[in-house]
1. Test Ser113 against the criterion of being closer than 21 Å to Asp50 by Cβ and over 14 Å from the mean Cα position of the chain (by Cα), and give yes or no.
2. What residue, of Ser143, Ser189, is within 16 Å of the chain's Cα centre (by Cα) and closer than 21 Å to His79 by Cβ?
3. With the requirement that a residue be over 18 Å from Ala108 (Cα atoms) and in a helix (DSSP H, G or I), what does the range 59-75 give you?
4. Within the range 15-58, count every residue that is among the aromatic types (Phe, Trp, Tyr) and not in a helix (DSSP H, G or I).
5. Are any residues in the range 80-94 in contact with a His (Cβ under 9 Å, 6 or more places away or on another chain), in a loop (DSSP other than H, G, I, E, B) and either crowded, with 18+ Cβ neighbours inside 10 Å or free of Cβ contacts under 8 Å to residues at least 24 places away in the same chain (or both), and if so, which ones?
6. Consider Thr129 carefully, then state whether it is surrounded by fewer than 20 Cβ atoms within 10 Å (Cβ to Cβ) and modelled with pLDDT of 95 or more.
7. When you scan the range 136-212 for helices (runs of 4 or more DSSP H) that lie fully inside it, which ones turn up with 3 or more residues that are among the small types (Gly, Ala, Ser)?
8. Taking Thr129 as the residue in question, decide whether it is assigned to a helix (DSSP H, G or I), polar (S, T, N, Q), touching a helix residue (DSSP H, G or I) at 6+ places or on another chain (Cβ under 9 Å) and in contact (Cβ under 8 Å) with a residue 40 or more places away in the chain.
Amino acid sequence: MRPYDVAEGRVGREHSRPQYAAAIRYALHRLEYELPSSLTYHSLTHTRNDVLPSAVRLAALEGVGNKPRHLLRVAAAFHDIGFVDHYDNHETSSIQIASAALPHFGFAAADVSAIAGMIRATRLPQAPTTLLEALLADADLDSLGRDDFIATSLALRAELAARGCRVDETVWFAQQLSFLQTHHYWTLSAHRLRHAQKQRNIQLLKAHIALLKPHLSPVACNCPQGQASYPVCRLSNHPYAPVESEAGHDT
């Protein structure tokens, strides 16, 4: 890793107030210089150009206050930093890295704990318990309801293939279809913003699967659990229930 300096000084200098922008620069710098090039989905671009802007947008729509919004931005910047150390259970590594670094940027223990909770909420199956956790969980899967979903899906498939987890194209799209059909956005803002396109993506997947292999029944691949299919369980009686459509279901 190249030496990292921030405007306020080197990492390690204590601050009396949280240095939000410096902490975000630190996380993005590490992602840029330490992530393996084989991570075609969980890349710097995913964090910087996808999750961070989505989190900011959703926070504004939900009317989140100034400090919580800054904490959400920091959590978004750190949510995948664990990939610099470990692929599996990367959320745990992300929390460890954030917990070690953030006090040097002036973050109090309570703020570090809140950021850790947001990062933890991105783990699948998602289980947010606060609004900020729900916002980051939704931001992390924002692409499910965008028109570039197929491109991001194929980037994930390529990333897994680089790890030796090769999935037949038809099986892959069947798994992606199952994932979208069982996925629910947690916040009303994400639902309103992305639900309609997610439904179009579901229809697009169905059409693509029909062209590849008619009458396919989804087949599990031999990848480690949680890597290829990325299942999302809907947890009943969860303290932060996913948003449903007016028809009563998000699929």
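The values are calculated or read from the model by the stated rules, or taken from the named source; none is laboratory data. Remember, predicted model here, so these are calculated numbers, not experimental data. Heads up, the Cβs are rebuilt from the backbone with ideal geometry, glycines too, and the neighbour counts pull from every protein chain shown.
1. Here the answer is no, as Ser113 does not meet what is asked.
2. One residue alone meets the criteria, Ser143.
3. Those that are over 18 Å from Ala108 (Cα atoms) and in a helix (DSSP H, G or I): Ala59, Ala60, Leu61.
4. 1
5. Asp80
6. So Thr129 passes the test.
7. It comes to 149-162, 188-212.
8. no
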